[in-house]
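This report refers to the structure that appears directly beneath it.
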Amino acid sequence: MTDSVKVPQTARRHFLKGFIGIISGAAILSVGAVAQVFAYFFGSKITKPEKVKFLKTSIERMQAVTSQNELALERVENDYILVSQYNDLSKTSGIYFIDYTMKPALAFLGDNDLPNLLSAKCTHLGCTVGNEVNNGTILCPCHISYFNVQTGVPNAGSPAKLPLPKLNWVIKDKQGKILTTCTDDGKITGVMDKKLLQDSAVYISKV
Ligand code: FES
């Protein structure tokens, strides 16, 4: 990517961050106004601790929305999103991340010592699947569906009938050069020797 592309993207990012800040600030002010209207009409019915609790809860919710918007912005702006260092991937415990559709996903080390990225949104009713591997499966605790961690396919008898979708990924070296790619349909090209991937990082890819 050339500098002539980076500068406008950075400026746009700052602008959008500032815009989100303005919206959040306005929302915080509006919460204050709502609290004052509340106090006007209900007066002594609201105690000071209750008012403090109400405002803190409102601010926490707005901060959560702001964080979510920042994640969405990052995904709109970037063709690659960092998931994990290659060395941090595990065959027994998945790393949660947010995919390009803003849904939860999990990153494991596959049996082939390459990344294994799956949606963590249960295909039954959408709960988030657990990240611990037992007997080669991960569990959705909501209505007890077990999914094969390598394929995403649910066990027979599980309420979920469809597999957890696999996600594409790329591995980049420290200089940002792409070493290995995996498409949605599982086609892997590039470096596959784990010794050569030790200092690399795993990303999801928009394309
Ligand atoms: S939502 Fe996962 S089993 Fe029902």
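If I go through segment 73-94 residue by residue, how many of them are hydrophobic (A, V, I, L, M, F, W, C) and exposed (fewer than 14 other Cβ atoms within 10 Å of the Cβ)?
Narrowing segment 73-94 to residues hydrophobic (A, V, I, L, M, F, W, C): 73, 76, 81-83, 89.
Right, trim to exposed (fewer than 14 other Cβ atoms within 10 Å of the Cβ) and you get 76, 82.
Qualifying residue count for the region: 2.
Quick test of your reading of the structure: LEU179 fulfils all but one of (1) touching a residue at least 40 places away in the same chain (Cβ under 8 Å); (2) away from the ligand (no atom under 16 Å from the Cβ). Name the failing condition by number.
Checking LEU179 against (1) touching a residue at least 40 places away in the same chain (Cβ under 8 Å); (2) away from the ligand (no atom under 16 Å from the Cβ), the one that fails is (1).
Can you report the number of residues in segment 91-142 which are within 28 Å of ALA64 (Cβ to Cβ) and either in contact with a helix residue (DSSP H, G or I) (Cβ under 6 Å, 6 or more places away or on another chain) or in a loop (DSSP other than H, G, I, E, B) (or both)?
At the first step, the residues of segment 91-142 found to be within 28 Å of ALA64 (Cβ to Cβ) are 93-108, 117-132, 138-142.
Restricting the remaining residues to those that are either in contact with a helix residue (DSSP H, G or I) (Cβ under 6 Å, 6 or more places away or on another chain) or in a loop (DSSP other than H, G, I, E, B) (or both) gives 94, 98-103, 120, 122-127, 129-131, 141-142.
Qualifying residue count for the region: 19.
What are the residues in segment 143-152 that are assigned to a loop (DSSP other than H, G, I, E, B) and either touching a residue at least 60 places away in the same chain (Cβ under 8 Å) or under 21 Å from the mean Cα position of the chain (by Cα) (or both), if any? Step through it out loud before you land on a result.
If we filter segment 143-152 for residues that are assigned to a loop (DSSP other than H, G, I, E, B), which is where we start, we get 143-144, 149-152.
Passing the criteria: VAL149, GLN150, THR151, GLY152.
Could you count how many residues in segment 154-169 are in contact with a strand residue (DSSP E or B) (Cβ under 7 Å, 6 or more places away or on another chain) and either surrounded by 22 or more Cβ atoms within 10 Å (Cβ to Cβ) or closer than 27 Å to SER205 by Cβ (or both)?
To start, the set of residues in segment 154-169 that are in contact with a strand residue (DSSP E or B) (Cβ under 7 Å, 6 or more places away or on another chain) comprises 154-155, 158-161, 163-169.
Then keep just the ones that are either surrounded by 22 or more Cβ atoms within 10 Å (Cβ to Cβ) or closer than 27 Å to SER205 by Cβ (or both); that gives 154, 160, 163-169.
Going through segment 154-169 one residue at a time, the tally reaches 9.
Please indicate, with yes or no, whether at least one residue in segment 165-174 is of a type in the set (Lys, Arg), assigned to a loop (DSSP other than H, G, I, E, B) and more than 16 Å from the ligand (Cβ to nearest atom). Walk me through how you get there before you give the answer.
Residues of segment 165-174 of a type in the set (Lys, Arg): 166, 172, 174.
From what is left, the residues that are assigned to a loop (DSSP other than H, G, I, E, B) are 174.
Imposing the further condition that a residue be more than 16 Å from the ligand (Cβ to nearest atom) reduces the set to 174.
Yes; the residues of segment 165-174 include at least one that is of a type in the set (Lys, Arg), assigned to a loop (DSSP other than H, G, I, E, B) and more than 16 Å from the ligand (Cβ to nearest atom).
Can we say ILE204 is surrounded by 21 or more Cβ atoms within 10 Å (Cβ to Cβ), out of contact with any helix residue (DSSP H, G or I) (no Cβ under 6 Å at 6 or more places or on another chain) and either under 23 Å from ARG75 (Cβ atoms) or not hydroxyl-bearing (Ser, Thr, Tyr) (or both)?
Values: surrounded by 21 or more Cβ atoms within 10 Å (Cβ to Cβ): yes; out of contact with any helix residue (DSSP H, G or I) (no Cβ under 6 Å at 6 or more places or on another chain): yes; either under 23 Å from ARG75 (Cβ atoms) or not hydroxyl-bearing (Ser, Thr, Tyr) (or both): yes.
For ILE204, the condition - surrounded by 21 or more Cβ atoms within 10 Å (Cβ to Cβ), out of contact with any helix residue (DSSP H, G or I) (no Cβ under 6 Å at 6 or more places or on another chain) and either under 23 Å from ARG75 (Cβ atoms) or not hydroxyl-bearing (Ser, Thr, Tyr) (or both) - is met.
Would it be correct to say that VAL191 is aliphatic (A, V, I, L, M), modelled with pLDDT of 95 or more and either touching a helix residue (DSSP H, G or I) at 6+ places or on another chain (Cβ under 8 Å) or under 20 Å from ASP88 (Cβ atoms) (or both)? Spell out the reasoning first.
On the way: aliphatic (A, V, I, L, M): yes; modelled with pLDDT of 95 or more: no; either touching a helix residue (DSSP H, G or I) at 6+ places or on another chain (Cβ under 8 Å) or under 20 Å from ASP88 (Cβ atoms) (or both): yes.
For VAL191, the condition - aliphatic (A, V, I, L, M), modelled with pLDDT of 95 or more and either touching a helix residue (DSSP H, G or I) at 6+ places or on another chain (Cβ under 8 Å) or under 20 Å from ASP88 (Cβ atoms) (or both) - is not met.
Checking the conditions here, which among PRO104, PRO141, PRO154, PRO159 is in contact with a Pro (Cβ under 7 Å, 6 or more places away or on another chain), modelled with pLDDT of 95 or more and within 15 Å of the ligand (Cβ to nearest atom)?
Selected residue: PRO154, the only one of PRO104, PRO141, PRO154, PRO159 that is in contact with a Pro (Cβ under 7 Å, 6 or more places away or on another chain), modelled with pLDDT of 95 or more and within 15 Å of the ligand (Cβ to nearest atom).
Identify the residue in segment 124-138 that is within 14 Å of the ligand (Cβ to nearest atom) and of a type in the set (A, V, I, L, M, F, W, C) and, among all such residues, is nearest to MET192 (Cα to Cα).
Ranking the qualifying residues of segment 124-138, first place goes to ILE138.
Among the residues in segment 153-161, are any part of a strand (DSSP E or B), more than 19 Å from the chain's Cα centre (by Cα), over 21 Å from ASN78 (Cβ atoms) and among the hydroxyl-bearing types (Ser, Thr, Tyr)?
At the first step, the residues of segment 153-161 found to be part of a strand (DSSP E or B) are 154.
Still in the running and more than 19 Å from the chain's Cα centre (by Cα): 154.
Next cut, over 21 Å from ASN78 (Cβ atoms) only: 154.
Subsequent filtering for residues that are among the hydroxyl-bearing types (Ser, Thr, Tyr) retains none.
Among the residues of segment 153-161, not one is part of a strand (DSSP E or B), more than 19 Å from the chain's Cα centre (by Cα), over 21 Å from ASN78 (Cβ atoms) and among the hydroxyl-bearing types (Ser, Thr, Tyr), which makes the answer no.
Quick one: is LYS121 within 16 Å of the ligand (Cβ to nearest atom), on the phi < 0 side of the Ramachandran plot and assigned by TED's automatic domain parsing to the domain that holds GLN198? Break it down stepwise before answering.
Details: within 16 Å of the ligand (Cβ to nearest atom): yes; on the phi < 0 side of the Ramachandran plot: yes; assigned by TED's automatic domain parsing to the domain that holds GLN198: yes.
Considered against the rule, which asks whether it is within 16 Å of the ligand (Cβ to nearest atom), on the phi < 0 side of the Ramachandran plot and assigned by TED's automatic domain parsing to the domain that holds GLN198, LYS121 comes out as yes.
The values are calculated or read from the model by the stated rules, or taken from the named source; none is laboratory data. Every value quoted in this text rests on a predicted model; they were computed, and no experiment measured them. Backbone-built Cβ (ideal geometry, glycine too); neighbour counts: all protein chains shown.
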